[in-house]
Amino acid sequence: MLYLDHAATTPLRPEAREAMAPFFDDAFGNPSGVHGVARRARNAVEDARERAAALLEADHPLEIVFTGGGTEADNLALAGPALAGTGRTAVVVTAVEHDAILATAAFLARLGHSVDVIGVDAHGRVDPEAVAAAVRAETAVVSVMAANNETGIRQPVRDVVAAVRAVSSEALVHTDAVQAFPAEEVSVPALGADLITLASHKVGGPKGVGLLYVRTGTDLEPVIHGGGQELGRRSGTHNVAGIVGMVAALEAAAADRQRFRRDVAEARRRFETHLRAALDAAVTGAPADRLPQHSHLHLPGVDAESLLIRLDRAGVAASAGSACHSGATHVSHVPAAMGIDPQRAAQSVRFSFGWTSVPGDGDTASRIVAAQVEEMR
Ligand SMILES: Cc1ncc(COP(=O)(O)O)c(C=O)c1O
């Protein structure tokens, strides 16, 4: 199976598997306990926190909050500041955010909060000035993703931060860097955001664990209430193995970035060059600045769902739009926000390379895709 769905999830990196192993065995303690077994687990979580903070160049380890995944980190990043009782309750999001942000914004709207949704241009890019123009005295947080999970299109997060800071000293900026991490430098100084979401399983770590970087001094109401773990910001017994595995995967991914970028970019170049010539395929959002691993292609005249079934049989795993949803067919809000009509969107497929990809995968995959599409046409 040629796995071209790394944007949905990634195979586990060996570093993560190895780091987790003891925590499925004798290091099974609950970090909240007082005895030696607990202490070993607690030390592992705190060591992971320090390493995650170092990786993100955060000022302090306690700026890292471990969560049950990217979705939960996004919920906390948006609802946390808006519900914190600061008097600032409004949120600003872009139209191409992951549903973890958009559905949280809709939830806040149902509670009576003001929500502004900023559109993108035909290339999927948001205008930082348009974001800043929506910021008002009551804005708690602005959320602009580092790169889109469907198209890979990057957003100018640093420029958004600068534009927002120019109009408000209070509004926080959150960025979801879940997809960007394997290819891009993701750090507090590089992005400048107050809140940063990462998800383990997109970088070669286990599923069901993530983190939120929270700048010191940020007012945050938890979204999960209970025993007060994570300084009360996220209750629930720590997923010790998951946390340790995630941080091992993040470190491995960061150390592997240069090779990753080179290999996925070359695989994608071969893939897209062939398919553009053979099938008249068009890159969604071109010539927008994209992550090197994503290839969201319009294949004229081809029903994406039927093609995906054929590709699965032919040994290629890909997806239509976002696979982060339960349920099969779902018309994505991302192409719609770019002004792409539903018919064209239904003829588009997302291929995503990743840490296990080699340049030759681009040749193999493009041959298989071309053959299947030609049969369908
Ligand atoms: C950009 C982005 N944000 C958030 C998420 C959600 O992360 P998780 O699957 O860990 O809940 C995903 C993928 O699922 C994603 O691609």
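Observations on the structure shown:
- The residue of the range 97-132 that is nearest to D219 (Cα to Cα), among those that are more than 16 Å from the ligand (Cβ to nearest atom), touching a residue at least 12 places away in the same chain (Cβ under 8 Å) and in a helix (DSSP H, G or I), is L108.
- Sole exception among (1) under 19 Å from E63 (Cβ atoms); (2) among the hydrophobic types (A, V, I, L, M, F, W, C); (3) part of a loop (DSSP other than H, G, I, E, B); (4) over 13 Å from the mean Cα position of the chain (by Cα) for A190, by number: (3)
- Lone qualifier among Q293, Q258 - being under 30 Å from R51 (Cα atoms) and open to solvent by 50 Å² or more (accessible area, probe 1.4 Å): Q258
Residues are listed down the side, and each one gets a yes or a no for (1) open to solvent by 40 Å² or more (accessible area, probe 1.4 Å); (2) of a type in the set (D, E); (3) under 21 Å from F181 (Cβ atoms); (4) at pLDDT 95 or above:
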| site | (1), (2), (3), (4) |
| --- | --- |
| A304 | no, no, no, yes |
| R313 | yes, no, no, yes |
| H333 | yes, no, no, yes |
| Q347 | no, no, no, yes |
| W355 | yes, no, yes, yes |
| V358 | yes, no, yes, yes |
| T364 | yes, no, no, yes |
| Q372 | no, no, no, yes |
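- H225 vs. criteria without any contact (Cβ under 8 Å) to a residue 40 or more places away in the chain, assigned to a loop (DSSP other than H, G, I, E, B) and of a type outside the set (F, W, Y): yes
- Of the listed requirements (1) outside any loop (DSSP other than H, G, I, E, B); (2) of a type in the set (A, V, I, L, M, F, W, C); (3) buried (at least 22 other Cβ atoms within 10 Å of the Cβ), A53 misses just one: (3).
- Residues being among the acidic types (D, E) and over 18 Å from F23 (Cα atoms) - total across the range 36-54: 1
- Any hit, the range 184-195, residues being among the aliphatic types (A, V, I, L, M), more than 16 Å from the ligand (Cβ to nearest atom) and open to solvent by less than 20 Å² (accessible area, probe 1.4 Å): yes
- Which numbered condition R165 fails, given (1) among the basic types (K, R); (2) within 13 Å of the chain's Cα centre (by Cα); (3) over 24 Å from V244 (Cβ atoms): (2)
Yes/no matrix, rows are residues, columns are (1) in contact with a helix residue (DSSP H, G or I) (Cβ under 7 Å, 6 or more places away or on another chain); (2) within 13 Å of the ligand (Cβ to nearest atom):
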| site | (1), (2) |
| --- | --- |
| S143 | yes, yes |
| T151 | yes, yes |
| P156 | yes, no |
| A163 | yes, no |
| A180 | no, yes |
| A199 | yes, yes |
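- Among the residues of the range 58-69, the one identified as within 16 Å of the ligand (Cβ to nearest atom), part of a loop (DSSP other than H, G, I, E, B) and crowded, with 22+ Cβ neighbours inside 10 Å is G69.
- Among the residues of the range 198-222, those that are assigned to a loop (DSSP other than H, G, I, E, B), small (G, A, S) and open to solvent by less than 30 Å² (accessible area, probe 1.4 Å) comprise G204, G205.
- Residue within the range 300-315 that is within 21 Å of I153 (Cβ to Cβ) and touching a helix residue (DSSP H, G or I) at 6+ places or on another chain (Cβ under 6 Å) present: no
- Within the range 70-96, the set of residues being open to solvent by 10 Å² or more (accessible area, probe 1.4 Å), within 11 Å of the ligand (Cβ to nearest atom) and not polar (S, T, N, Q) comprises G70, E72.
The values are calculated or read from the model by the stated rules, or taken from the named source; none is laboratory data. None of the values given here were measured: they were computed from a predicted structure. As a convention, Cβ positions derive from the backbone with ideal geometry for all residues, glycine included, and neighbour counts pool all protein chains shown. Keep in mind that these areas ignore ligands, DNA and RNA; they rest on the heavy atoms of the full protein, side chains included. Shrake-Rupley method; radii C 1.70, N 1.55, O 1.52, S 1.80 Å.
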